[in-house]
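One structure below.
The values are calculated or read from the model by the stated rules, or taken from the named source; none is laboratory data. From a predicted model like this one, the values you see are computed outputs, not experimental measurements. For neighbour counting, all protein chains shown are included, and Cβ atoms are generated from backbone atoms with ideal geometry for every residue, glycine included.
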Amino acid sequence: MSGKKRVLVTGFEPFGQSKLNPSQLLVEALTSEDLPGVELSALVLPVEFDRASEILLKKIAQISPDFVISFGQAEGRSAITPEKIAINLDHARIADNSGDQRQDSVIDELGNDGYFSTLPVNQIVEAIKSVGVESELSLSAGTFVCNHIFYELQKELSNSPIKSGFIHIPLVPEQSAEFPGAPTMEINLIIRGAKAAILSIL
């Protein structure tokens, strides 16, 4: 045994008319970063309500990680924002990549209204800030696919030793034309913050 902790990180493919998704860029970059004590697996999920969570939970069952951190983009945010809670609601401003635009839809009729992250979110915020990257706690993961997989993840692992949660990241400068006036963060800073987040939970 190597003694390393198995960490699964996930991002999303581009959605809507976008050509890229910073969360995909991030998790692909993390696979070539030096993370002492970590055996890293990365997965890029489709931006589809049901399929994304199905693929994620299947991967967790396959590799049995110690930690799962899902990343997604949050236009309008200027900091890396660990999410505190997932809520039992799908309500989409736009359709997902399969054309499914859910409105006021409960994710699980038998599930809790919400599930909290089991990652040390306040500690993660401080770790990211300690490497010179903006970070703050978020109390809303929205009601699109990010929140959907966060909810399904926390529900599935609610009685498991696996620690899990979701972190939103800002847009990257390459997206400025698509999102005029929205704040961005250089991908190298996002990678630095994500590495600090991962190492802080070990």
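Looking at (1) surrounded by fewer than 18 Cβ atoms within 10 Å (Cβ to Cβ); (2) within 15 Å of residue 167 (Cα to Cα), which is the one condition that is false for residue 45?
(1)
Can you tell me which residue among 182, 177 is of a type in the set (Gly, Ala, Ser), farther than 17 Å from residue 26 by Cβ, surrounded by fewer than 18 Cβ atoms within 10 Å (Cβ to Cβ) and in contact with a Leu (Cβ under 6 Å, 6 or more places away or on another chain)?
Selected residue: 182, the only one of 182, 177 that is of a type in the set (Gly, Ala, Ser), farther than 17 Å from residue 26 by Cβ, surrounded by fewer than 18 Cβ atoms within 10 Å (Cβ to Cβ) and in contact with a Leu (Cβ under 6 Å, 6 or more places away or on another chain).
Within segment 52-96, how many residues turn out to be in a loop (DSSP other than H, G, I, E, B) and either farther than 17 Å from residue 22 by Cα or not polar (S, T, N, Q) (or both)?
Total meeting the criteria: 17.
This table checks each residue for (1) in contact with a Pro (Cβ under 6 Å, 6 or more places away or on another chain); (2) at pLDDT below 95; (3) aromatic (Phe, Trp, Tyr); (4) farther than 21 Å from residue 14 by Cβ.
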{"site": "49", "(1), (2), (3), (4)": "no, no, yes, no"}
{"site": "73", "(1), (2), (3), (4)": "yes, no, no, no"}
{"site": "123", "(1), (2), (3), (4)": "no, no, no, yes"}
{"site": "138", "(1), (2), (3), (4)": "no, no, no, yes"}
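Can you spot a residue in segment 121-128 that is among the small types (Gly, Ala, Ser) and touching a Ser or Thr at 6+ places or on another chain (Cβ under 7 Å)? Quick ask: steps written out before the conclusion?
Of segment 121-128, the ones among the small types (Gly, Ala, Ser) are 127.
Filter once more, so that each one left must be touching a Ser or Thr at 6+ places or on another chain (Cβ under 7 Å): 127.
Yes: one or more hits.
Looking at segment 155-192 only, could you name the residues that are farther than 20 Å from residue 33 by Cβ and of a type in the set (A, V, I, L, M)?
Result: 157, 162, 171, 177, 182.
I'm trying to understand the selection: among the residues of segment 120-166, which are within 21 Å of residue 24 (Cβ to Cβ), assigned to a loop (DSSP other than H, G, I, E, B) and under 14 Å from the mean Cα position of the chain (by Cα)?
Of everything in segment 120-166, those that are within 21 Å of residue 24 (Cβ to Cβ), assigned to a loop (DSSP other than H, G, I, E, B) and under 14 Å from the mean Cα position of the chain (by Cα) turn out to be 141, 142, 144.
Check 92, 79 and return the single one that is small (Gly, Ala, Ser), without any contact (Cβ under 8 Å) to a residue 60 or more places away in the chain and buried (at least 17 other Cβ atoms within 10 Å of the Cβ). Walk me through how you get there before you give the answer.
Details: 79 fails: without any contact (Cβ under 8 Å) to a residue 60 or more places away in the chain.
None of the others qualify; the one that does is 92.
Pick out the one residue from 29, 86, 52 that is over 18 Å from residue 147 (Cβ atoms) and in contact with a helix residue (DSSP H, G or I) (Cβ under 6 Å, 6 or more places away or on another chain).
Selected residue: 29, the only one of 29, 86, 52 that is over 18 Å from residue 147 (Cβ atoms) and in contact with a helix residue (DSSP H, G or I) (Cβ under 6 Å, 6 or more places away or on another chain).
Where the second residue is in a loop (DSSP other than H, G, I, E, B) and among the charged types (D, E, K, R) and the first is without any contact (Cβ under 8 Å) to a residue 40 or more places away in the chain and over 17 Å from residue 72 (Cβ atoms) and lies in segment 147-175, which pairs have Cβ atoms under 7 Å and are six or more apart or on separate chains?
The qualifying pairs are 173/186.
Going through segment 1-34 one residue at a time, which ones are surrounded by 18 or more Cβ atoms within 10 Å (Cβ to Cβ), outside any strand (DSSP E or B) and in contact with a Lys or Arg (Cβ under 8 Å, 6 or more places away or on another chain)?
30
Mind checking which pairs have a first residue in segment 16-36 that is in contact (Cβ under 8 Å) with a residue 12 or more places away in the chain and of a type in the set (Gly, Ala, Ser) and a second that is crowded, with 16+ Cβ neighbours inside 10 Å and part of a helix (DSSP H, G or I), Cβ under 6 Å, 6 or more apart or different chains?
Listed pairs, sorted by first residue: 29/191.
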